[in-house]
Structure formats: C-alpha cells, structure tokens
1. Run through every distinct alpha carbon pair of region A:168-326 and return the Kirkwood hydrodynamic radius in angstroms, one decimal place.
2. Could you calculate the FRET efficiency of A:Met215 with A:Val34 from 1/(1 + (r/R0)^6), where r is the beta carbon distance between them and R0 is 25 Å, rounded to 0.05?
3. Straight-line reach only, C-alpha to C-alpha below 13 angstrom: list the aspartates and glutamates that A:Lys218 could link to, leaving out same-chain residues fewer than 8 apart.
4. Set the Förster radius R0 to 30 Å, insert the Cβ-Cβ distance between B:Ala10 and B:Leu259 as r into 1/(1 + (r/R0)^6), and round the FRET efficiency to 0.05.
5. Assuming R0 = 60 Å, what is the FRET efficiency of B:Tyr45 and B:Arg99, from their Cβ-Cβ distance, to the nearest 0.05?
6. Can you give the longest stretch of chain A with no exposed loop site, where a site means GluC sites (Glu not before Pro) in a DSSP loop (not H, G, I, E or B) with at most 13 other C-beta atoms within 10 Å?
7. What per residue convex hull volume, in Å³, do the alpha-carbon atoms of chain A yield?
8. For A:Asn160, what is the net charge nearby, where nearby means another residue's Cβ is under 12 Å from its Cβ and Lys, Arg count +1, Asp, Glu -1?
Amino acid sequence: MTTETMVRPAVADSGAKRSELLAQRVRAARWFLVPMLVALAIVAGWPLLRSIWFSFTDASLNDLYGAEFIGFDNYLRWQTLESGRTIYRGLLVDDAWWNAVWNTVRFAVISVSIEAVLGIIVALVLNAEFKGRGLVRAAILIPWAIPTIVSARMWGWMLNDQFGIINDIMLRLGLISQKIAWTASTDTAMTAVLIVDIWKTTPFMALLVLAGLQMIPKDIYEAADIDGVHPVKQFFRITLPLVRPALMVAIIFRVLDALRIFDLIYVLTPNSPATETMSVLARENLFDFDNFAYGSAQSTLLFFIIALFTIVYIWLGRVNFDGGDR
Amino acid sequence: MAWAYTKKAAFYLLVLVIVVVSVFPFYYAILTSFKSGTDLFRITYWPTSISFDNYLSVLNQGSFPRNVLNSIFVSTLVVVLALFLAVTASFALSRVRFRGRGLLLMTILAVSMFPQIAVLAGLFEVIRGLGIYNTPWALIFSYTIFTLPFTVWVLTTFMRDLPIEIEEAAIVDGATPWVIIRRVFMPLMWPALVTTGLLAFIAAWNEFLFALTFTSSNTTRTVPVAIALLSGGSQYEIPWGNIMAASVIVTVPLVALVLIFQRKIVSGLTAGGVKG
C-alpha cells in the first residue's frame, strides 16, 4: 500500500498540496513512532548492551558498579603451569555449559518436531467438517490457556512416582511393570519435560497450521478427486506444499520459544542436570551462585546462538513474515 | 460400506483422543483440588467426595489473595500501557510509507521473540537503579519488552488490512493523522484492541522469569511465582491439594475468557504472521 494511492486524484488538485500532505503524514508518523521506540530502547536495547558489557567484566551481584573490564576472561582464559601444562578455563570449556546447550538443542528439536506432526494432525481434524467441531476447538484451547507454571505443577502431580495417575494408568494397561519416578530420575526427566511441553504447545501449532489450511481453495481437492489422486498423495502433493509457509512461521516461533525455555524446567525438574537448559543455568549463575559476570557471558552466548539460528533459518527457509507489502 | 463406517469410527476415535488428552489434566487438577487428607493419595478417576479444605487454606493462609491482586494489577496496567503506545505506532507502520519501515518491523518482531534471559542482567541493573526492585513497577517496566512489540505487530497487521477508502474522506477534509486515528481508526479497532489486549494480558499473567527475579517477598510476588514456590518442608511434604486449588483458582477465569473470546483469540494468534 502506498501513500500515493491513498491520496488519490481526489485531493490532487495541485501537486504542491499533495506533496505537502504527504510530508505531513510522514512527519506525523515519525512522532507516532518515537514513544514506542524510546520504550523499547529502554527495556530491551539498553539492558541487552549492558548484559553483554557485564560478560566482559568481573561484576558481582552486590557490586555492579565496581565492575572492571577483564576482556574475554569469562569466555576463555588460560594459564601455563611451571610443568609446561596449559590449563584452560571459562565458558567455552565449561562442561556444565555445553551440557546445557546440548539439553536445550535436544529439547527444541524433539519437542518442535513432534509438535509439528501432531499440530498438522489436529489441524487436519479441525479442518474437516463434523458435528462438534466447535467443541474440539474449544477443548484444544485449554492447554494453551493454562499458565506454564500451572501446567508444570499439574503434570508434576500426575507424573508423581507414588501417587501419580500416569503411573496408575500405565500399570493398569500393562505398559510398565513398576512405578517410574518420571521427574526425579535422570533417564526420564527429559521425557517428562517433553510430554508437558508438547501437551501445552501443540494447540498453538495446530491453530497456525489450521489458518494456513483454511486458505487453500476447496476446488483444488475437487479437481484432484476427479483425477483420482489418492488422498495420501493429495496430502503430500497439495496440502503440505500449500501449508508450508504457515508451518514454517509456526515452527520458527516455536523453536525460538523452545530455545529459551525456563519456567517449565525450573518447576517440573528442578536441579536435574538431565534437563538443565541454557536459560536455567544462566539464571542460576546470575542470581543464585553469585557469578554475575559468568552468567552474563552465558546469556550473551545464548543470545548469539539464537540470533544465528534465526538468521540461518529465515535465510534458508525464505520465511515471509510480512505477508506481502500490499 | 463397512470401510466407510470404519473410517468414520477411526476419525471419531481420533477426535475423542484429542479432546480427552487436552482436557484431562485440567479435569484431574480440579478433581484433586476437592480432595482432602488421605483422600489425596488415593487415585480416583471420578469425584468421590467434595471438600473445600484446600480452597479455604489457600485463600486464608499466606499471601495468595495478595498475589492474585498483584497479578491483576500488573497485567492490566502493562496491557493498557502497551496498547496506548502501540496504536499510534502501528498507524505509522501500517498506513504511512517511509524509508526503513520493513527493517523497523523486523526489529520489532525480533524483540518480541527475544530470549528474556539475554536482557536479565541489564534489566536487573536498570530496575535497581530506578529503585523499583521488589515492587509491581519492576514487573510493569520489564513486561513491556514482550507486550509492546506483540501489540504493535498484531495491530499493524490489522490496520494494514483495512481498505484505503476509509481514510479518503478524512484526508479530503484535511484531517491531520492524529484526528484520523481518533475518529476513523479507533471506532473500527475496538475488536482488534480487545483481542490484542487479551492476548497480551494472558502473556503478562503467565510470565515467570522476570517475576521470579525482580520480586523477592511474599507480598509482591505474582501468582505464577507463588504457585511455583508453594512447597512443604521436604519433597514428601509438597502440599499438592493447595497447589491444585491455587492452580484452579487462577486458571478458571483464564479458561473462561479464552472460551468466550475463542474466535477472536484464534484470529489474533494467527494474525501474528500467517498471511503468506
């Protein structure tokens, strides 16, 4: 949409008046944007820069202002001993950090993949016409509406080893032979987190995919039916390619969300190295362990990992957020 | 014929599974919240007896009612603030063409997807510097980082879809952009404002990381933090009944709102990008 077309010949009795109006609009637009931009600069831009700055200092929680610049020491520093051995220290050689990175990436990849598949299935169901469709749509909105903390607590109770209903159901069905300590055991902690996350966010995925599905004209399928194309083939040849743009956007929103996950893990599986993610570890260092500068280095690295991922994804996937500049 | 029936049965079975899986955890939380004493530790699938003990204890002991008020106060104010700043900004972003607009929109989207942990250290410094640590203002201040970009983004998408004609008459009359926003757009935007506001409200209501970090006393905490920190002396004394009662209290209004505004919420959620 261009301003030229907005101010069509109706007012264009003279070119001068028209361009004066245009200039006035652009001027007004600038002023309209200022308050928002100032607000964002204060709550996002400045704190981000300060966090990055802290990562190059020796700041501690109680002495933020006395922080001194120490270069890349939080990231990597080394020391050569008299014996000639060199010892490396810092974030880049920290096993706990790389464990957290691995946990986060593993969590993001598995959860988003499963959510995408389930989301498509739910969206296809909701796109079909059947009695009670409104009811189903209402039902899937419930997990989405429940606060993450509440769902972590609800599932924590359901997954309880002694009194949890999940173990009870699985025992009754004969799927397991003894009760599992879902959230406490290191083998199953990640599974527990995945279950809750998938339950909670599949609806979001489904709704975005459904919006994409509803934009596919029905006559394409009619034509395919007449040509005798098998429904499975229809799905892979028609539905999937056409719903791809919507799916790509949904996936990137979900991946970005998954990469910064904090609350679910903090509440469901506290202090478990099997699920500790980058955000959980960084916050622990910042506020619980009094390693403010080191925590800042972790959050800075997290920021750049996510930024890099986003750029690569948008570039490779040619994701179009703007929806066309009509 | 038999094949058609099987297909139909399979479809409805799938529908049933989706509904049960979606609703069951919430149902079970409600069921648990009405149990008391040793009943709590007997697994049942249907309500057997109803007791309000958990609700009474959550509402009468501790600071839970205060936490609810904190959450309402913070979420309402942050939404009003975000909408106020977003209306004019999205007018500029959607109806006026200027250099750098695309870049600006991308930046706003990027900020809304920010990993909150990346700004935590810097925000902590700012909040301490402003002297608002451990007050609701710390949360109102920090929540702007996600409510503002979100509202701007959704309202921009909404305003871009309005036809050119609605502005034309006003432009012919020589109305200024400010008048155009107030007289032409505001009346049309109520539905969009309600939807966006509601979604931003839910996001603020559910926020955990900032609330956990920027408040430190029982009376200033918001609901999610209060529920997360409800615990007993040890792992075996977790007050599950109270936790479930508190969870139900804060979730029921939310679920009700979402169900009432179902259609609007779905359209608001999908407006965030899926137009390709």
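1. 19.4
2. 0.10
3. Correct list for A:Lys218: A:Glu129.
4. Numbers: r = 28 Å, r/R0 = 0.93.
The pair B:Ala10/B:Leu259 has a calculated efficiency of 0.60.
5. Numbers: r = 63 Å, r/R0 = 1.05.
So, using R0 = 60 Å, E works out to roughly 0.45.
6. Details: sites that count: A:Glu68, A:Glu82, A:Glu129.
So the longest stretch without any such site is A:130-326.
7. Details: hull volume 86.4 nm³, N = 326.
About 265 Å³ per residue, rounded to a whole number.
8. Numbers: positive: A:Arg153, A:Lys179; negative: A:Asp161, A:Asp168.
Surrounding charge for A:Asn160 is 0.
The numbers here are math on the coordinates, done by the rules we state, and not lab data. Everything numeric in this text was worked out from a predicted model, so none of it was measured. Every residue, glycine among them, receives a Cβ derived from its backbone with ideal geometry; neighbour counts consider all protein chains shown.
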